[in-house]
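The values are calculated or read from the model by the stated rules, or taken from the named source; none is laboratory data. The shown structure was predicted, so the numbers you read here are calculated from the model rather than taken from an experiment. Glycine gets a Cβ as well: all are built from the backbone with ideal geometry, and neighbour counts include every protein chain shown.
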Amino acid sequence: MEHPHKQDHSLLSAVEALLFASDTGHTLEELVDMVNSYAEVTVKNINTENHLHLKEVTHEEMKQVLDELSLHLQERRAAIEIHCYGSRYQLLTKKAFHPILLHGLKQLAQKKLSRSALETLAIVAYNEPATKRTIESIRGVQSDYAVHKLLELELLKVIGQAEELGRPNLYAVTQRFLDQFGIESLDKLPKLELEDALLVANTSPDTQEEEDAEGAETPQE
């Protein structure tokens with residue numbers, strides 16, 4: 001038996017849009033709440049001629065819509081697919097496209113991020129949670145500006161304080177870092193490439209000069 005929204009492409013597209021626009025995905029409950037809340041508002045608002053019209057859905061109907069969207073993406077051979085991690089549904093790039101994404105996004109990141117920032121990002125990703133002292137012990141130079149920049153770009157985050165003198169911040173990479181580099185989780189990091197980045201970090205003679213020059217333009221933490 002077909003569910004009530006089998007031919008409702010507006011709902012299908014709306015759910016796809018909600019997932020596409022989210023960095024962290026949505027739970028089934030969140031999707032139902034957003035659709036039903038929108039449906040209720042548009043029904044009450046008479047000035048909705050150009051708005052998307054949706055009907056309220058149940059949790060079971062939303063699950064069917066997600067299944068249908070997954071099938072729809074497969075049929076059109078899209079580069080993205082639906083994944084459910086824990087209770088959150090996300091639109092992610094298919095694994096077959098990870099190599100070109102990683103290559104392209106690394107090139108883009110290298111154009112936007114300085115060498116010191118890339119080194120710092122690689123070190124934290126490979127050693128998290130990491131303090132600035134850990135970062136600097138590996139890089140061999142001060143890293144105030146690089147850490148500040150990565151926090152500003154939301155590629156790093158503070159997840160607590162270390163149980164040591166001074167209670168320094170503990171840093172970890174963010175979901176944005178994983179998304180930008182096309183990595184599902186830290187246990188799937190391309191370790192060889194990160195090790196290469198760490199090798200660069202330990203052998204770059206101009207890193208401190210770069211850090212000093214950049215740090216002079218931006219307040220340190």
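Observations on the structure shown:
- Taken as a whole, region 112-129 holds no residue that is surrounded by fewer than 17 Cβ atoms within 10 Å (Cβ to Cβ), in contact with a strand residue (DSSP E or B) (Cβ under 6 Å, 6 or more places away or on another chain) and basic (Lys, Arg).
- Residue within region 59-77 that is in contact with a His (Cβ under 9 Å, 6 or more places away or on another chain), part of a helix (DSSP H, G or I), among the hydroxyl-bearing types (Ser, Thr, Tyr) and surrounded by 12 or more Cβ atoms within 10 Å (Cβ to Cβ) present: no
- Residue in region 163-186 that is of a type in the set (D, E, K, R) and buried (at least 19 other Cβ atoms within 10 Å of the Cβ) present: no
- Pairs, first among the small types (Gly, Ala, Ser) in region 127-146, second assigned to a helix (DSSP H, G or I) and surrounded by fewer than 16 Cβ atoms within 10 Å (Cβ to Cβ), C-beta under 9 Å, six or more apart: GLY140/ASN202; GLY140/GLN208
- Elements of type helices (runs of 4 or more DSSP H) in region 127-188, at least 3 residues being closer than 30 Å to PHE97 by Cβ: 144-152, 175-180
- Candidates in region 78-110 are the residues that are outside any helix (DSSP H, G or I) and charged (D, E, K, R); of these, the one that is modelled with the lowest pLDDT is LYS94.
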